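Below is one structure, written out as structure tokens; comments come after it.
The values are calculated or read from the model by the stated rules, or taken from the named source; none is laboratory data. A quick note: this is a predicted structure, and the numbers were derived from the prediction, not measured. Cβ sites come from the backbone with ideal geometry, for glycine too, and all protein chains shown count toward neighbours.
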Amino acid sequence: MAREARKTRFHWRFWLRAALWLGVGASVALAAREVRRFSVTDPHFVLAGPPPPGENTSAFSVEGIRYASRDRIVQVFRSDFGRSVFAVPLGERRRRLLAVDWVADASVSRIWPNRLAVRIRERTPVAFASLPQPGFGSRIALIDADGVILEKPPRSKFSFPILTGLSEQQGERERGARVKLFLRLKQELGPMAQPVSEVDLASPDNLKITLPVEGTAVELHLGDRNLAWRCRNFLNHYAEIRKRSPQAAVFDLRLDDRITAKE
């Protein structure tokens, strides 16, 4: 009998605790719903705007842009102005910001009670890219280390060599791998890379550079190793090479024991 009484008390206490926790859970859910309704509908949390062109306001600010289109960034939030900042889907807005040209990373922050702050990290161009166009010709764009093509902003000035052997049909991963070959070349050549005007990346196992030497533009085929040594060896012997091949403008340096001139 005592055992049965203990079991009865145990069940009674269990169900009492369960009922208490259920009541607490329901109260919390109800309170959360009310807080959510209040934060979405109360006018104190409404995002004012949109801001005037090119300006930040106390309600909406964009920082970190130099070349990215401010208008396109503001356009991402067009449907949010006049609504509660707590109704803004921050993750979705960030995803859309990453699709804006020049934007490498972005963050969107709610600031109590009714502000949004957007912070942009822009991409860094490393070269110009000559991109073949259907039919005939090519267009010049900027490109970053990841192979992302960037449109040249109006009234901007950049001093970079032109990269060929790239195309818009290539994926970013392929373009990025080739751009990294250029960056490796640039690092290995050091100061010798300064006058380089063009780098042909069409054949990753044979990097080709164009640079002026004593007033003449020459094309050097460097291969894929000993890049600095081959370039320096050519420059050290250029006077002698010019005497032997005065009309040559292309030189194959892929064999370390010889320089082959191509008329």
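For the stretch 56-70, give me each residue that is surrounded by 11 or more Cβ atoms within 10 Å (Cβ to Cβ), over 19 Å from the mean Cα position of the chain (by Cα) and of a type outside the set (A, V, I, L, M).
Residues satisfying the conditions are Asn56, Thr57, Phe60, Ser61.
If we only count strands (runs of 3 or more DSSP E) wholly inside the stretch 50-134, which ones have 1 or more residues that are among the acidic types (Asp, Glu)?
In the stretch 50-134, 60-63, 103-111, 115-122 are the strands (runs of 3 or more DSSP E) which contain 1 or more residues that are among the acidic types (Asp, Glu).
Picking from Arg184, Arg121, which residue would you name as being modelled with pLDDT of 95 or more, under 30 Å from Phe60 (Cβ atoms), of a type outside the set (Asp, Glu) and surrounded by fewer than 16 Cβ atoms within 10 Å (Cβ to Cβ)?
Arg121
May I ask you to list pairs of residues, at least six apart or on different chains, whose Cβ atoms are under 9 Å apart, with the first in the stretch 59-72 being on the phi > 0 side of the Ramachandran plot and the second being at pLDDT 95 or above?
As it stands, the answer is Gly64/Ala106; Gly64/Val118; Gly64/Arg119; Gly64/Ile120; Gly64/Arg121; Gly64/Glu122, since those pairs meet every condition given.
Being more than 30 Å from Leu163 (Cα to Cα) and surrounded by fewer than 19 Cβ atoms within 10 Å (Cβ to Cβ) is true for just one of Ser84, Ser107. Which residue is that?
Just a single option satisfies the conditions, and that option is Ser107.
Does the stretch 232-244 include one or more residues that are in contact with a strand residue (DSSP E or B) (Cβ under 9 Å, 6 or more places away or on another chain), under 23 Å from Ala127 (Cβ atoms), surrounded by 13 or more Cβ atoms within 10 Å (Cβ to Cβ) and in the same structural domain as Gly165 (by TED's automatic domain parsing)?
yes
When residues of the stretch 163-172 are filtered for being over 20 Å from Trp102 (Cβ atoms) and not in a loop (DSSP other than H, G, I, E, B), how many remain?
Of the residues in that region, 1 qualify.
Between Trp102, Trp112, which is closer than 25 Å to Leu181 by Cβ, outside the structural domain of Phe160 (by TED's automatic domain parsing) and not aliphatic (A, V, I, L, M)?
None of the others qualify; the one that does is Trp102.
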